[in-house]
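Scroll down for the structure; my scribbles are underneath it.
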Amino acid sequence: MSPRILLSSVILLAGCLQAAEPLDRLHVSENGRHLVHADGKPFFYLGDTAWELFHRVNREDTLRYLDDRASKGFTVIEAVALAEFGGLVEPNTEGQLPLENRDPARPNDAYFQHVDFVVKAAAERGLRVAMLPTWGDKVNKKWGQGPEIFTPENARLYGEWLGKRYRDQPIIWILGGDRPVEDDRQRAIWRALAVGLKAGGGGAHLITYHPSGGRMSGDYVHNEDWLDFNQEQSGHAMKNKDGWRMIATEYARTPAKPCMDGEPCYEDHPVRGDKTKSEWFDEWDVRKLFYWDVFAGACGHTYGAHPIWGMWDGRAKPTADQRHTWKDALNLLGSSEVGYGRRLIESRPMLTRIPDQTLIASGEGEGGDHVQATRDSAGTFAMVYTPNGKPFALDLTKLSVPKLHAWWWDPRTGIAKDAGEIAPAPHQDFTPPRAGVSIDWVLVLDDPAKNYPEPGTTSLGR
(Lines give C-alpha, C1' and ligand atoms only; values in the text may rest on other atoms or scores of the structure.)
Protein backbone atom coordinates (compact mmCIF):
# COMPACT_ATOMS: atom_id res chain seq x y z
CA MET A 1 0.00 0.00 0.00
CA SER A 2 1.38 3.45 -0.89
CA PRO A 3 2.19 6.04 1.79
CA ARG A 4 -0.59 8.27 0.38
CA ILE A 5 -3.20 5.51 0.75
CA LEU A 6 -2.00 4.71 4.25
CA LEU A 7 -2.17 8.36 5.14
CA SER A 8 -5.69 8.72 3.76
CA SER A 9 -6.81 5.76 5.85
CA VAL A 10 -5.43 7.37 9.00
CA ILE A 11 -7.21 10.63 8.15
CA LEU A 12 -10.54 8.86 7.69
CA LEU A 13 -10.14 7.00 10.97
CA ALA A 14 -8.98 10.00 12.95
CA GLY A 15 -11.31 12.58 11.49
CA CYS A 16 -10.91 16.18 12.58
CA LEU A 17 -11.08 17.54 16.08
CA GLN A 18 -14.30 19.25 17.05
CA ALA A 19 -13.36 22.77 18.07
CA ALA A 20 -13.60 23.48 21.79
CA GLU A 21 -14.84 26.91 20.74
CA PRO A 22 -15.45 28.56 17.36
CA LEU A 23 -12.14 29.16 15.64
CA ASP A 24 -10.92 32.71 15.95
CA ARG A 25 -8.63 32.91 12.96
CA LEU A 26 -5.61 35.17 13.33
CA HIS A 27 -4.46 37.40 10.49
CA VAL A 28 -1.65 39.81 9.74
CA SER A 29 -2.68 43.45 10.14
CA GLU A 30 -3.12 45.62 7.06
CA ASN A 31 0.17 47.43 7.67
CA GLY A 32 2.07 44.13 7.99
CA ARG A 33 3.33 44.90 11.50
CA HIS A 34 0.96 43.14 13.91
CA LEU A 35 -1.22 40.09 14.40
CA VAL A 36 -4.96 40.59 14.69
CA HIS A 37 -8.09 38.61 15.52
CA ALA A 38 -10.80 37.89 12.98
CA ASP A 39 -12.60 41.09 14.00
CA GLY A 40 -9.47 43.18 13.48
CA LYS A 41 -8.62 43.64 17.14
CA PRO A 42 -4.91 43.22 17.96
CA PHE A 43 -3.45 39.97 19.24
CA PHE A 44 -0.32 40.14 21.38
CA TYR A 45 1.71 36.94 21.00
CA LEU A 46 3.10 36.13 24.45
CA GLY A 47 4.52 32.65 24.11
CA ASP A 48 5.99 30.13 26.52
CA THR A 49 8.41 27.51 25.21
CA ALA A 50 7.21 24.10 26.36
CA TRP A 51 8.94 22.16 23.61
CA GLU A 52 8.59 18.72 25.26
CA LEU A 53 5.03 19.16 26.54
CA PHE A 54 3.41 16.60 24.23
CA HIS A 55 6.20 14.11 24.81
CA ARG A 56 7.10 14.16 28.51
CA VAL A 57 4.09 15.38 30.50
CA ASN A 58 0.99 13.42 31.56
CA ARG A 59 -2.51 14.82 31.34
CA GLU A 60 -2.88 15.81 34.98
CA ASP A 61 0.38 17.75 34.98
CA THR A 62 -0.44 19.25 31.59
CA LEU A 63 -3.52 20.88 33.10
CA ARG A 64 -1.48 22.18 36.03
CA TYR A 65 0.98 23.75 33.61
CA LEU A 66 -1.69 25.28 31.36
CA ASP A 67 -3.61 26.69 34.34
CA ASP A 68 -0.46 28.41 35.54
CA ARG A 69 0.39 29.93 32.17
CA ALA A 70 -3.17 31.10 31.56
CA SER A 71 -3.24 32.79 34.97
CA LYS A 72 -0.06 34.74 34.13
CA GLY A 73 -1.31 36.19 30.88
CA PHE A 74 0.36 34.00 28.28
CA THR A 75 -1.50 33.75 24.99
CA VAL A 76 0.53 31.04 23.21
CA ILE A 77 2.07 27.70 24.27
CA GLU A 78 4.83 26.36 22.01
CA ALA A 79 5.31 22.59 21.77
CA VAL A 80 6.82 20.08 19.33
CA ALA A 81 5.02 17.13 17.75
CA LEU A 82 8.22 15.23 16.87
CA ALA A 83 10.29 16.21 19.89
CA GLU A 84 14.01 16.89 19.91
CA PHE A 85 15.09 14.47 22.63
CA GLY A 86 14.10 10.91 21.83
CA GLY A 87 10.96 12.07 20.13
CA LEU A 88 11.01 9.27 17.57
CA VAL A 89 12.07 6.40 19.85
CA GLU A 90 10.89 7.25 23.38
CA PRO A 91 7.11 6.93 23.92
CA ASN A 92 5.06 9.72 25.41
CA THR A 93 3.43 9.31 28.82
CA GLU A 94 0.58 7.42 27.14
CA GLY A 95 3.08 4.85 25.84
CA GLN A 96 2.83 5.97 22.21
CA LEU A 97 5.32 6.93 19.51
CA PRO A 98 4.35 9.62 16.98
CA LEU A 99 5.17 7.74 13.77
CA GLU A 100 5.04 4.20 12.51
CA ASN A 101 8.56 3.07 11.56
CA ARG A 102 9.75 6.69 11.77
CA ASP A 103 7.81 7.47 8.61
CA PRO A 104 6.23 10.96 8.48
CA ALA A 105 3.67 9.62 6.01
CA ARG A 106 2.41 7.22 8.71
CA PRO A 107 1.52 9.24 11.83
CA ASN A 108 0.25 7.27 14.82
CA ASP A 109 -3.28 8.36 15.65
CA ALA A 110 -2.99 7.17 19.28
CA TYR A 111 -0.04 9.50 19.88
CA PHE A 112 -1.86 12.46 18.39
CA GLN A 113 -4.90 11.82 20.52
CA HIS A 114 -2.78 13.07 23.41
CA VAL A 115 -1.73 16.10 21.34
CA ASP A 116 -5.46 16.65 20.69
CA PHE A 117 -6.04 16.67 24.44
CA VAL A 118 -3.39 19.34 24.99
CA VAL A 119 -4.65 21.53 22.15
CA LYS A 120 -8.24 21.33 23.42
CA ALA A 121 -7.26 21.96 27.06
CA ALA A 122 -5.20 24.97 26.03
CA ALA A 123 -8.07 26.42 23.98
CA GLU A 124 -10.43 26.01 26.91
CA ARG A 125 -8.06 28.26 28.87
CA GLY A 126 -7.80 30.89 26.17
CA LEU A 127 -4.40 29.67 24.98
CA ARG A 128 -3.33 28.96 21.42
CA VAL A 129 -0.85 26.19 20.71
CA ALA A 130 2.02 27.13 18.42
CA MET A 131 2.93 23.67 17.19
CA LEU A 132 6.18 22.64 15.59
CA PRO A 133 5.37 19.69 13.31
CA THR A 134 8.93 18.55 13.95
CA TRP A 135 12.12 19.73 15.58
CA GLY A 136 14.61 20.86 12.96
CA ASP A 137 17.06 17.98 13.45
CA LYS A 138 14.68 15.70 11.54
CA VAL A 139 15.29 17.90 8.45
CA ASN A 140 18.81 19.23 9.08
CA LYS A 141 20.55 17.25 11.82
CA LYS A 142 23.61 19.50 11.97
CA TRP A 143 23.85 18.66 15.66
CA GLY A 144 21.62 16.75 18.08
CA GLN A 145 19.99 13.39 17.67
CA GLY A 146 18.14 13.40 14.35
CA PRO A 147 17.86 11.34 12.24
CA GLU A 148 16.86 13.20 9.09
CA ILE A 149 13.62 11.48 8.09
CA PHE A 150 11.95 14.04 5.82
CA THR A 151 11.74 14.37 2.08
CA PRO A 152 9.65 16.90 0.17
CA GLU A 153 7.19 14.12 -0.61
CA ASN A 154 6.56 12.84 2.92
CA ALA A 155 6.74 16.38 4.35
CA ARG A 156 3.83 17.37 2.09
CA LEU A 157 1.79 14.35 3.22
CA TYR A 158 2.54 14.88 6.91
CA GLY A 159 1.75 18.58 6.67
CA GLU A 160 -1.58 17.93 5.00
CA TRP A 161 -2.50 15.35 7.64
CA LEU A 162 -1.67 17.78 10.46
CA GLY A 163 -3.40 20.69 8.76
CA LYS A 164 -6.60 18.71 8.29
CA ARG A 165 -6.56 17.29 11.81
CA TYR A 166 -6.24 20.74 13.41
CA ARG A 167 -8.15 22.69 10.77
CA ASP A 168 -10.73 23.95 13.27
CA GLN A 169 -8.39 24.49 16.20
CA PRO A 170 -6.64 27.74 17.26
CA ILE A 171 -3.19 26.66 16.06
CA ILE A 172 -0.13 28.60 14.92
CA TRP A 173 2.46 26.57 12.97
CA ILE A 174 6.19 26.97 13.61
CA LEU A 175 8.63 25.47 11.14
CA GLY A 176 12.41 25.40 11.49
CA GLY A 177 12.94 24.09 15.00
CA ASP A 178 16.28 25.73 15.84
CA ARG A 179 17.95 25.01 12.48
CA PRO A 180 19.11 27.10 9.53
CA VAL A 181 18.18 26.48 5.91
CA GLU A 182 21.46 25.47 4.29
CA ASP A 183 20.59 23.99 0.90
CA ASP A 184 17.86 23.62 -1.68
CA ARG A 185 16.82 20.20 -0.37
CA GLN A 186 16.06 21.59 3.09
CA ARG A 187 14.24 24.56 1.60
CA ALA A 188 12.14 22.20 -0.51
CA ILE A 189 11.21 20.15 2.58
CA TRP A 190 10.10 23.16 4.61
CA ARG A 191 8.19 24.53 1.64
CA ALA A 192 6.44 21.20 1.07
CA LEU A 193 5.54 20.95 4.76
CA ALA A 194 4.10 24.48 4.70
CA VAL A 195 2.15 23.79 1.51
CA GLY A 196 0.71 20.66 3.12
CA LEU A 197 -0.30 22.54 6.26
CA LYS A 198 -2.01 25.25 4.21
CA ALA A 199 -3.80 22.70 2.03
CA GLY A 200 -4.99 20.51 4.89
CA GLY A 201 -6.00 23.45 7.05
CA GLY A 202 -7.60 25.48 4.30
CA GLY A 203 -5.20 28.34 4.96
CA ALA A 204 -6.72 28.91 8.39
CA HIS A 205 -3.46 29.15 10.36
CA LEU A 206 -0.47 31.47 10.44
CA ILE A 207 2.98 29.99 9.81
CA THR A 208 6.33 31.25 11.06
CA TYR A 209 9.90 29.90 11.19
CA HIS A 210 12.10 29.38 14.25
CA PRO A 211 15.81 29.76 13.33
CA SER A 212 18.96 28.77 15.19
CA GLY A 213 20.76 30.95 17.75
CA GLY A 214 21.79 34.40 16.62
CA ARG A 215 19.89 34.12 13.34
CA MET A 216 16.72 35.51 11.80
CA SER A 217 14.10 33.68 9.77
CA GLY A 218 14.12 36.54 7.29
CA ASP A 219 17.63 35.52 6.26
CA TYR A 220 16.22 32.27 4.88
CA VAL A 221 12.52 32.44 4.09
CA HIS A 222 11.28 36.04 4.19
CA ASN A 223 10.07 35.96 0.59
CA GLU A 224 8.43 32.54 0.82
CA ASP A 225 4.69 32.87 0.16
CA TRP A 226 3.87 30.60 3.09
CA LEU A 227 5.69 32.71 5.73
CA ASP A 228 3.27 34.98 7.59
CA PHE A 229 5.61 36.44 10.20
CA ASN A 230 9.30 36.31 11.08
CA GLN A 231 11.09 35.10 14.17
CA GLU A 232 14.62 35.67 15.38
CA GLN A 233 16.51 33.77 18.06
CA SER A 234 18.65 36.16 20.10
CA GLY A 235 19.61 33.09 22.13
CA HIS A 236 21.59 32.21 25.19
CA ALA A 237 25.20 33.07 24.35
CA MET A 238 25.53 36.31 26.28
CA LYS A 239 23.85 38.72 28.63
CA ASN A 240 22.42 41.93 27.17
CA LYS A 241 22.23 40.53 23.63
CA ASP A 242 21.13 43.29 21.26
CA GLY A 243 18.09 41.44 20.02
CA TRP A 244 16.52 44.83 19.37
CA ARG A 245 18.95 45.26 16.47
CA MET A 246 17.77 41.96 15.01
CA ILE A 247 14.16 43.07 15.37
CA ALA A 248 15.04 46.36 13.64
CA THR A 249 16.55 44.39 10.75
CA GLU A 250 13.46 42.19 10.38
CA TYR A 251 11.19 45.23 10.73
CA ALA A 252 12.98 46.95 7.84
CA ARG A 253 12.54 44.08 5.36
CA THR A 254 10.15 44.37 2.45
CA PRO A 255 7.46 43.37 2.06
CA ALA A 256 6.60 44.18 5.67
CA LYS A 257 5.85 41.18 7.86
CA PRO A 258 5.35 41.06 11.64
CA CYS A 259 8.41 39.94 13.59
CA MET A 260 9.31 38.82 17.10
CA ASP A 261 12.02 37.14 19.16
CA GLY A 262 11.11 33.46 19.14
CA GLU A 263 13.85 32.44 21.57
CA PRO A 264 15.51 35.06 23.75
CA CYS A 265 17.55 34.11 26.80
CA TYR A 266 15.69 31.62 28.99
CA GLU A 267 15.29 32.31 32.68
CA ASP A 268 17.45 29.99 34.82
CA HIS A 269 19.59 29.08 31.79
CA PRO A 270 23.40 29.15 31.91
CA VAL A 271 25.07 31.90 29.91
CA ARG A 272 26.73 29.87 27.17
CA GLY A 273 29.45 32.39 26.48
CA ASP A 274 30.53 32.58 30.13
CA LYS A 275 33.85 30.74 30.37
CA THR A 276 33.58 30.56 34.17
CA LYS A 277 30.29 28.62 33.78
CA SER A 278 28.90 30.49 36.79
CA GLU A 279 26.48 32.97 35.19
CA TRP A 280 22.79 32.21 34.72
CA PHE A 281 20.09 34.36 33.17
CA ASP A 282 17.57 35.78 35.65
CA GLU A 283 14.29 37.69 35.53
CA TRP A 284 16.04 41.01 34.86
CA ASP A 285 17.64 39.54 31.75
CA VAL A 286 14.20 38.32 30.69
CA ARG A 287 12.61 41.75 31.19
CA LYS A 288 15.31 43.59 29.28
CA LEU A 289 14.87 41.43 26.18
CA PHE A 290 11.07 41.79 26.39
CA TYR A 291 11.08 45.59 26.39
CA TRP A 292 14.02 46.06 24.04
CA ASP A 293 12.45 43.76 21.45
CA VAL A 294 8.81 44.81 21.75
CA PHE A 295 9.64 48.52 21.78
CA ALA A 296 11.86 47.93 18.71
CA GLY A 297 8.77 46.87 16.78
CA ALA A 298 8.07 43.22 17.65
CA CYS A 299 4.46 42.01 17.44
CA GLY A 300 4.93 39.91 20.59
CA HIS A 301 7.55 38.02 22.53
CA THR A 302 8.48 34.54 23.68
CA TYR A 303 9.38 33.70 27.26
CA GLY A 304 11.31 30.59 28.19
CA ALA A 305 12.43 28.89 31.40
CA HIS A 306 15.26 26.40 31.03
CA PRO A 307 13.65 23.65 33.15
CA ILE A 308 10.27 24.08 31.44
CA TRP A 309 11.12 23.75 27.76
CA GLY A 310 12.54 20.27 28.49
CA MET A 311 9.85 19.49 31.10
CA TRP A 312 12.45 17.99 33.42
CA ASP A 313 10.76 16.25 36.37
CA GLY A 314 13.88 15.83 38.54
CA ARG A 315 13.90 12.05 38.10
CA ALA A 316 14.70 11.40 34.46
CA LYS A 317 17.98 12.44 32.90
CA PRO A 318 17.92 16.21 32.24
CA THR A 319 17.48 17.14 28.59
CA ALA A 320 20.28 19.69 29.04
CA ASP A 321 21.78 21.17 32.23
CA GLN A 322 18.67 22.11 34.18
CA ARG A 323 19.15 22.72 37.90
CA HIS A 324 15.45 22.91 38.89
CA THR A 325 12.39 20.87 37.97
CA TRP A 326 9.75 22.28 35.65
CA LYS A 327 7.22 22.42 38.49
CA ASP A 328 9.61 24.49 40.61
CA ALA A 329 10.32 26.71 37.61
CA LEU A 330 6.66 27.66 37.33
CA ASN A 331 7.39 30.08 40.17
CA LEU A 332 10.27 31.90 38.48
CA LEU A 333 9.56 35.63 38.60
CA GLY A 334 10.08 36.35 34.93
CA SER A 335 7.04 34.34 33.91
CA SER A 336 4.78 36.73 35.80
CA GLU A 337 6.68 39.85 34.79
CA VAL A 338 6.30 39.30 31.04
CA GLY A 339 2.56 39.13 31.71
CA TYR A 340 2.77 42.60 33.25
CA GLY A 341 4.50 43.71 30.05
CA ARG A 342 1.70 42.36 27.90
CA ARG A 343 -0.84 44.30 29.97
CA LEU A 344 1.19 47.48 29.55
CA ILE A 345 1.26 47.14 25.77
CA GLU A 346 -2.46 46.37 25.60
CA SER A 347 -3.35 49.42 27.71
CA ARG A 348 -2.44 51.71 24.80
CA PRO A 349 -3.40 51.53 21.09
CA MET A 350 -1.41 48.63 19.63
CA LEU A 351 -1.93 48.79 15.88
CA THR A 352 -0.51 52.31 15.59
CA ARG A 353 2.51 51.68 17.82
CA ILE A 354 5.88 52.12 16.08
CA PRO A 355 9.54 52.07 17.17
CA ASP A 356 11.24 55.47 17.34
CA GLN A 357 14.74 55.89 18.76
CA THR A 358 14.82 59.50 17.57
CA LEU A 359 12.76 60.31 20.65
CA ILE A 360 15.91 59.83 22.72
CA ALA A 361 17.88 63.08 22.79
CA SER A 362 20.64 61.75 25.06
CA GLY A 363 21.38 58.81 27.34
CA GLU A 364 20.54 56.03 24.86
CA GLY A 365 23.35 53.95 26.35
CA GLU A 366 25.09 50.81 25.12
CA GLY A 367 24.96 47.15 26.06
CA GLY A 368 23.12 46.63 29.32
CA ASP A 369 22.45 50.38 29.56
CA HIS A 370 20.51 50.53 26.29
CA VAL A 371 17.34 52.67 26.39
CA GLN A 372 14.59 51.79 23.90
CA ALA A 373 11.65 53.94 22.79
CA THR A 374 8.31 53.37 21.10
CA ARG A 375 5.39 55.67 20.37
CA ASP A 376 2.02 56.02 18.74
CA SER A 377 2.33 56.99 15.06
CA ALA A 378 -0.24 59.74 15.73
CA GLY A 379 1.78 61.03 18.67
CA THR A 380 -0.78 60.35 21.41
CA PHE A 381 1.56 58.32 23.62
CA ALA A 382 5.14 57.18 24.01
CA MET A 383 6.94 54.58 26.13
CA VAL A 384 10.63 54.51 26.99
CA TYR A 385 12.40 51.61 28.71
CA THR A 386 15.47 52.12 30.87
CA PRO A 387 17.07 48.91 32.22
CA ASN A 388 18.74 50.41 35.29
CA GLY A 389 17.07 53.71 36.12
CA LYS A 390 19.78 56.00 34.75
CA PRO A 391 18.70 59.49 33.62
CA PHE A 392 17.99 60.18 29.96
CA ALA A 393 16.59 63.01 27.85
CA LEU A 394 13.85 62.97 25.20
CA ASP A 395 12.86 65.11 22.25
CA LEU A 396 9.11 65.33 22.77
CA THR A 397 8.27 67.60 19.85
CA LYS A 398 7.17 64.57 17.76
CA LEU A 399 4.24 63.96 20.08
CA SER A 400 2.61 67.21 18.91
CA VAL A 401 0.41 67.86 21.94
CA PRO A 402 0.44 70.88 24.27
CA LYS A 403 0.76 68.77 27.42
CA LEU A 404 1.74 65.23 28.38
CA HIS A 405 0.72 63.13 31.35
CA ALA A 406 3.75 61.20 32.66
CA TRP A 407 3.86 57.88 34.49
CA TRP A 408 6.72 55.78 35.84
CA TRP A 409 5.68 52.17 35.35
CA ASP A 410 7.46 49.43 37.32
CA PRO A 411 8.15 46.28 35.21
CA ARG A 412 8.86 44.30 38.40
CA THR A 413 5.41 44.84 39.88
CA GLY A 414 3.21 46.12 37.06
CA ILE A 415 2.35 49.21 39.13
CA ALA A 416 2.38 52.78 37.81
CA LYS A 417 3.42 55.94 39.65
CA ASP A 418 1.73 59.16 38.53
CA ALA A 419 4.41 61.74 37.60
CA GLY A 420 2.09 64.62 36.72
CA GLU A 421 1.89 66.75 33.58
CA ILE A 422 4.72 68.27 31.57
CA ALA A 423 5.03 70.56 28.57
CA PRO A 424 6.81 68.91 25.60
CA ALA A 425 10.28 70.25 24.83
CA PRO A 426 13.06 69.39 22.36
CA HIS A 427 15.30 68.29 25.24
CA GLN A 428 13.38 67.11 28.28
CA ASP A 429 15.36 65.41 31.09
CA PHE A 430 13.93 62.44 32.99
CA THR A 431 15.22 60.77 36.13
CA PRO A 432 13.49 57.53 37.22
CA PRO A 433 12.38 57.14 40.85
CA ARG A 434 15.26 54.76 41.66
CA ALA A 435 18.36 53.46 39.93
CA GLY A 436 20.61 50.43 40.24
CA VAL A 437 21.15 46.85 39.13
CA SER A 438 17.83 45.24 38.10
CA ILE A 439 15.93 48.49 38.85
CA ASP A 440 14.29 49.05 35.46
CA TRP A 441 11.46 51.41 34.52
CA VAL A 442 9.15 52.35 31.69
CA LEU A 443 8.32 56.01 31.24
CA VAL A 444 4.81 56.35 29.79
CA LEU A 445 3.78 59.68 28.28
CA ASP A 446 0.15 60.27 27.27
CA ASP A 447 -1.93 62.94 25.61
CA PRO A 448 -4.31 63.81 28.50
CA ALA A 449 -7.11 64.47 26.02
CA LYS A 450 -7.21 60.75 25.15
CA ASN A 451 -8.07 59.72 28.71
CA TYR A 452 -6.01 56.54 28.46
CA PRO A 453 -6.28 54.28 31.53
CA GLU A 454 -3.55 53.91 34.09
CA PRO A 455 -0.71 52.02 32.36
CA GLY A 456 -1.00 48.24 32.60
CA THR A 457 -4.59 48.16 33.84
CA THR A 458 -7.37 48.19 31.22
CA SER A 459 -6.89 46.58 27.81
CA LEU A 460 -8.06 48.92 25.06
CA GLY A 461 -8.49 46.08 22.57
CA ARG A 462 -7.34 48.25 19.64
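For D261, are the conditions met, namely being buried (at least 24 other Cβ atoms within 10 Å of the Cβ) and out of contact with any Leu (no Cβ under 6 Å at 6 or more places or on another chain)? Working first, answer last.
Numbers: buried (at least 24 other Cβ atoms within 10 Å of the Cβ): yes; out of contact with any Leu (no Cβ under 6 Å at 6 or more places or on another chain): yes.
Yes.
Please note which helices (runs of 4 or more DSSP H) are completely contained in the stretch 277-335 and include at least 2 residues that are crowded, with 24+ Cβ neighbours inside 10 Å and touching a residue at least 24 places away in the same chain (Cβ under 8 Å).
Once the helices (runs of 4 or more DSSP H) in the stretch 277-335 are filtered for at least 2 residues that are crowded, with 24+ Cβ neighbours inside 10 Å and touching a residue at least 24 places away in the same chain (Cβ under 8 Å), what remains is 283-295, 306-309.
Identify, please: which residue in the stretch 364-411 is among the polar types (S, T, N, Q) and crowded, with 16+ Cβ neighbours inside 10 Å and is, among those, farthest from the chain's Cα centre (by Cα)?
This residue is T380.
Conditions: (1) of a type outside the set (D, E); (2) buried (at least 16 other Cβ atoms within 10 Å of the Cβ); (3) touching a residue at least 24 places away in the same chain (Cβ under 8 Å). I415 meets all but one. Number of the miss?
Of the numbered conditions (1) of a type outside the set (D, E); (2) buried (at least 16 other Cβ atoms within 10 Å of the Cβ); (3) touching a residue at least 24 places away in the same chain (Cβ under 8 Å), the odd one out for I415 is (2).
In the stretch 101-121, which residues are among the acidic types (D, E) and either part of a strand (DSSP E or B) or within 15 Å of K138 (Cα to Cα) (or both)?
Of everything in the stretch 101-121, just one residue is among the acidic types (D, E) and either part of a strand (DSSP E or B) or within 15 Å of K138 (Cα to Cα) (or both), namely D103.
Would you be able to say whether some residue in the stretch 419-435 is over 23 Å from D282 (Cα atoms), touching a residue at least 60 places away in the same chain (Cβ under 8 Å) and touching a strand residue (DSSP E or B) at 6+ places or on another chain (Cβ under 6 Å)?
Within the stretch 419-435, one or more residues are over 23 Å from D282 (Cα atoms), touching a residue at least 60 places away in the same chain (Cβ under 8 Å) and touching a strand residue (DSSP E or B) at 6+ places or on another chain (Cβ under 6 Å).
Which residues, taken from the stretch 128-150, are in contact with a helix residue (DSSP H, G or I) (Cβ under 9 Å, 6 or more places away or on another chain) and either among the basic types (K, R) or not assigned by TED's automatic domain parsing to the domain that holds F54 (or both)?
Residues satisfying the conditions are R128, K142.
Yes/no per residue for (1) aliphatic (A, V, I, L, M); (2) under 15 Å from the mean Cα position of the chain (by Cα); (3) surrounded by 21 or more Cβ atoms within 10 Å (Cβ to Cβ):
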| position | (1), (2), (3) |
| --- | --- |
| Y166 | no, no, yes |
| D183 | no, no, no |
| W190 | no, no, yes |
| L197 | yes, no, yes |
| G202 | no, no, no |
| T208 | no, yes, yes |
| S217 | no, yes, yes |
| K239 | no, no, no |
| A248 | yes, no, no |
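On the given criteria, is L46 touching a helix residue (DSSP H, G or I) at 6+ places or on another chain (Cβ under 7 Å) and either assigned to a loop (DSSP other than H, G, I, E, B) or buried (at least 22 other Cβ atoms within 10 Å of the Cβ) (or both)? It would help to see each step written out before you state the result.
Values: touching a helix residue (DSSP H, G or I) at 6+ places or on another chain (Cβ under 7 Å): yes; either assigned to a loop (DSSP other than H, G, I, E, B) or buried (at least 22 other Cβ atoms within 10 Å of the Cβ) (or both): yes.
So L46 fits the description; yes.
Do we find that E160 is surrounded by fewer than 18 Cβ atoms within 10 Å (Cβ to Cβ), among the acidic types (D, E) and modelled with pLDDT of 95 or more in this structure?
Considered against the rule, which asks whether it is surrounded by fewer than 18 Cβ atoms within 10 Å (Cβ to Cβ), among the acidic types (D, E) and modelled with pLDDT of 95 or more, E160 comes out as no.
Within the set of pairs 6+ apart or on separate chains, which have a first residue in the stretch 76-100 that is at negative phi and in a loop (DSSP other than H, G, I, E, B), a second that is at pLDDT 95 or above and among the β-branched types (V, I, T), and C-beta atoms under 6 Å apart?
Hits for this filter: L82/T134.
Within the stretch 66-105, track down each residue that is surrounded by fewer than 20 Cβ atoms within 10 Å (Cβ to Cβ) and among the charged types (D, E, K, R).
D67, D68, K72, E90, E94, E100, R102, D103
Any residue that is surrounded by fewer than 20 Cβ atoms within 10 Å (Cβ to Cβ), of a type in the set (G, A, S), more than 18 Å from K239 (Cα to Cα) and free of Cβ contacts under 8 Å to residues at least 40 places away in the same chain - is there at least one of those in the stretch 344-361?
no
Against the condition outside the structural domain of W284 (by TED's automatic domain parsing), under 30 Å from L66 (Cβ atoms), under 22 Å from the mean Cα position of the chain (by Cα) and among the small types (G, A, S), how does G414 come out, does it pass?
yes
The values are calculated or read from the model by the stated rules, or taken from the named source; none is laboratory data. Predicted, not measured: the structure shown is a model, and the values here were computed from it. Backbone-built Cβ (ideal geometry, glycine too); neighbour counts: all protein chains shown.
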